[in-house]
Amino acid sequence: MVEVKGDRGGGKVYRDLRADILRLNLKPGSVIDEAKVGERYSVSRTPVREAVILLISEGLVVRDGRVALVAPLNFDDLPKIYDALVMSSRIVQRLAATNRTDADLARIRKAMTLFERACDTGNGIERGDTNTEFHMAIAEAGRNTYFTSFYERMLLTASRLSHACFADRHAPGSDPEARHALETHLKTTMQQHLAIFDALLRQDAERADRLAVEHQQLSFSRLKAAIFKTSMKGAEDLNLELEQRDTAIFPS
């Protein structure tokens, strides 16, 4: 998430709109009426436009002429998104393993701890934000702003897809089997985060590269199961595509 100081004006508008987009309270493709948003927060159009500009920079909002729209979600693009995340993850983790400093490691460790806390006490948006912070701390340690910017956009795209699949499915009192699946997924995620951190600590670029692929496989396998749960054929086809991409799109 873009850092915005203060709780009034553009900062609060940005945070609230962002949360609504990620929670799908604002549906993909819906119009963001700047005048109504300004009335809601009792601010002029300038702070609203500032918030919209920040959201556009994150890929969460797009412009259609003079109209601001919530960026669309297309589940048909899942294999392409997987490609982009695997490739960028491998690059940023290799760069981070090579270029990280002790200060970088401290920031990565702090972000990792915040994610672990969110897994215990936070909601899905908090988990998503802290997970993104962890991966962005790694990307920033790589010292390449071009990859960092692209990687953040892809992380947010994947986060929206994930929330679209799993929103409200793991609230208290929901299906125990679903809750167990989520707990297992989060436990494995935390274990992988630790392994990634260790690879960066040891400046092992090859291991960091391999772990990047494994980590994206974990996330996208869960997404794939949710999207294609009613179509075993579709799941098998996508599984084959993703497995082929692991070795073909960016060979070691």
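The values are calculated or read from the model by the stated rules, or taken from the named source; none is laboratory data. Quick caveat, the model's predicted, so the values are computed rather than measured. Positions of Cβ are generated from backbone atoms using ideal geometry, with glycine treated the same way; all protein chains shown enter the neighbour counts. Side chains included, ligands, DNA and RNA excluded: accessible areas come from the protein's heavy atoms. Shrake-Rupley method; radii C 1.70, N 1.55, O 1.52, S 1.80 Å.
Would you mention how many residues in the range 57-83 are in a helix (DSSP H, G or I) and buried (at least 17 other Cβ atoms within 10 Å of the Cβ)?
4
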Looking at (1) closer than 19 Å to Val62 by Cβ; (2) at pLDDT 90 or above; (3) assigned to a helix (DSSP H, G or I); (4) open to solvent by less than 70 Å² (accessible area, probe 1.4 Å), find the lone condition where Asp20 falls short. (2)
Please find, among Arg66, Arg94, the residue that is farther than 27 Å from Cys165 by Cβ, in contact (Cβ under 8 Å) with a residue 12 or more places away in the chain and among the basic types (Lys, Arg). Arg94
Answer residue from the range 186-229, given it is basic (Lys, Arg) and surrounded by 14 or more Cβ atoms within 10 Å (Cβ to Cβ) and is modelled with the lowest pLDDT among those: Lys224
Pull up the range 29-48, narrow it to residues that are surrounded by fewer than 16 Cβ atoms within 10 Å (Cβ to Cβ) and in contact with a helix residue (DSSP H, G or I) (Cβ under 8 Å, 6 or more places away or on another chain), then point me to the one that is farthest from Leu161 (Cα to Cα). Ser44
Residues of the range 105-121 satisfying the condition of being open to solvent by less than 20 Å² (accessible area, probe 1.4 Å) and under 18 Å from the mean Cα position of the chain (by Cα): Ile108, Ala111, Met112, Phe115, Ala118
I'd like to verify a number: residues in the range 131-147 that are of a type in the set (S, T, N, Q) and open to solvent by less than 20 Å² (accessible area, probe 1.4 Å), how many? 1
For the range 16-62, give me the residue count where each residue is small (Gly, Ala, Ser) and over 24 Å from Gly128 (Cβ atoms). 4
